[in-house]
Amino acid sequence: MKSILLAVFILLTAPVSKTIYDFKMKDIDGKEVSLADYKGKVVMIVNVASLCGNTPQYKDIQALYLKYQSQGLVVLGFPANNFMSQEPGSNEKIKTFCTTEYHVTFPMFSKISVKGSDIDPLYKYLTSKSENGVVEAPVKWNFQKFLIGKDGKVISSIGNHTSVTEPEVIKQVETALAAK
């Protein structure tokens with residue numbers, strides 16, 4: 001009996017293994033999207049802003065998305081106004097900006113907070129090793145990227161100044177896409 005109780009206790013107190021699939025977010029048009037819709041895909045999550053020195057990264061991120069989309073890569077853009085008010089616009093203005101200026105076709109989501117006391121639960125998961133089990137990576141600025149494996153778990157955090165065209169980023173993406 002003691003061993004059964006111990007087993008039940010261990011099961012009930014063991015940490016739950018979260019993935020991005022545990023989250024539902026609102027897309028840029030306000031429609032709820034379950035991130036479980038991306039099961040089996042390699043996902044790159046990026047916090048974006050329209051008025052940032054890093055904003056031209058949209059071009060390379062879009063190109064990466066188009067190059068690897070057929071192999072199972074999806075990019076998810078999350079506008080955030082956490083850094084010097086560099087994303088002040090409404091979701092509608094952000095969508096218009098992204099599509100007209102950078103021809104963004106990857107999924108964009110409603111504006112959220114990526115740090116601070118009002119951090120969105122998704123970003124709490126992405127940035128905290130105690131949540132994701134892999135990396136402690138608080139968002140330091142716009143265009144920080146998180147690479148997520150086909151299992152929905154964090155692989156790595158890629159700095160805001162690191163271009164997705166860098167060989168080490170391409171290697172990480174290709175390795176994740178090749179994984180079973």
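The values are calculated or read from the model by the stated rules, or taken from the named source; none is laboratory data. Not measured: the values here are computed from a predicted model. Positions of Cβ are backbone-derived with ideal geometry, glycine not excepted, and every protein chain shown enters the neighbour counts.
If you take the residues in segment 103-112 that are surrounded by 19 or more Cβ atoms within 10 Å (Cβ to Cβ) and free of Cβ contacts under 8 Å to residues at least 60 places away in the same chain, which one is farthest from Ile61 (Cα to Cα)?
Lys111
To keep it simple, each residue is scored yes or no on (1) touching a Phe, Trp or Tyr at 6+ places or on another chain (Cβ under 7 Å); (2) under 18 Å from Gly53 (Cα atoms); (3) of a type in the set (Phe, Trp, Tyr).
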site	(1), (2), (3)
Met108	no, no, no
Asp120	no, no, no
Pro138	no, no, no
Phe143	no, yes, yes
Gly159	no, yes, no
Pro167	no, no, no
Lys171	no, no, no
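Given the criterion among the polar types (S, T, N, Q) and under 18 Å from Thr19 (Cβ atoms), identify the matching residue among Ser117, Ser157, Ser90.
Going through Ser117, Ser157, Ser90 in turn, just one is among the polar types (S, T, N, Q) and under 18 Å from Thr19 (Cβ atoms): Ser157.
Can you find, within segment 151-180, the residue that is farthest from the chain's Cα centre (by Cα) among those that are of a type in the set (D, E, K, R) and in a loop (DSSP other than H, G, I, E, B)?
If we take residues in segment 151-180 being of a type in the set (D, E, K, R) and in a loop (DSSP other than H, G, I, E, B), then Lys180 is farthest from the chain's Cα centre (by Cα).
Would you point out which residue out of Lys145, Lys171, Lys115, Lys129 is free of Cβ contacts under 8 Å to residues at least 12 places away in the same chain and under 23 Å from Ser34 (Cα atoms)?
The match here is Lys129.
So which residues in segment 59-92 are charged (D, E, K, R) and surrounded by fewer than 20 Cβ atoms within 10 Å (Cβ to Cβ), if there are any at all?
Once the filter is applied, which keeps residues that are charged (D, E, K, R) and surrounded by fewer than 20 Cβ atoms within 10 Å (Cβ to Cβ), segment 59-92 yields Lys59, Asp60, Lys67, Glu92.
Of the residues Asn81, Asn47, which is modelled with pLDDT of 95 or more, farther than 26 Å from Glu174 by Cα and not basic (Lys, Arg)?
Result: Asn81 is the single residue among Asn81, Asn47 that is modelled with pLDDT of 95 or more, farther than 26 Å from Glu174 by Cα and not basic (Lys, Arg).
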